[in-house]
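Data block below; observations after.
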């Protein structure tokens, strides 16, 4: 599959989806019914989940998928694979010392 055909806005949306998913995973767990500061944390978490859902709908409903003659599932998997690889490469580059 020619992954260079993915539109930039679709790639950016998938990156944003992973960013939000990672942010949600880092939120501290809150005990059920814990009123201590939970309103602010709960509201932030709710907004992050709402944005994640918006991005999911944007990605799933992107017009690009309609341009494919077949293999939409394979293309969606390839988009995720490509974005994960880009993210891993960026993370690796940040961890390496710079050349002099």
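Things to note:
- Stretch gain in nm, segment residue 23-residue 51, where the contour uses 0.36 nm per residue and the Cα spacing is subtracted: 8.9 nm
- Applying 1/(1 + (r/R0)^6) with R0 = 35 Å to the Cβ-Cβ distance of residue 90 and residue 67 gives a FRET efficiency near 0.80.
- Per-peptide average of other Cβ atoms within 10 Å, ordering 7-17, 44-54 highest first: 7-17, 44-54
No value in this document is a laboratory result; all are computed from the given coordinates. Small disclaimer: the values here were computed from a predicted structure and weren't measured. With ideal geometry, Cβ positions are generated from the backbone for all residues, glycine too; neighbour counts draw on all protein chains shown.
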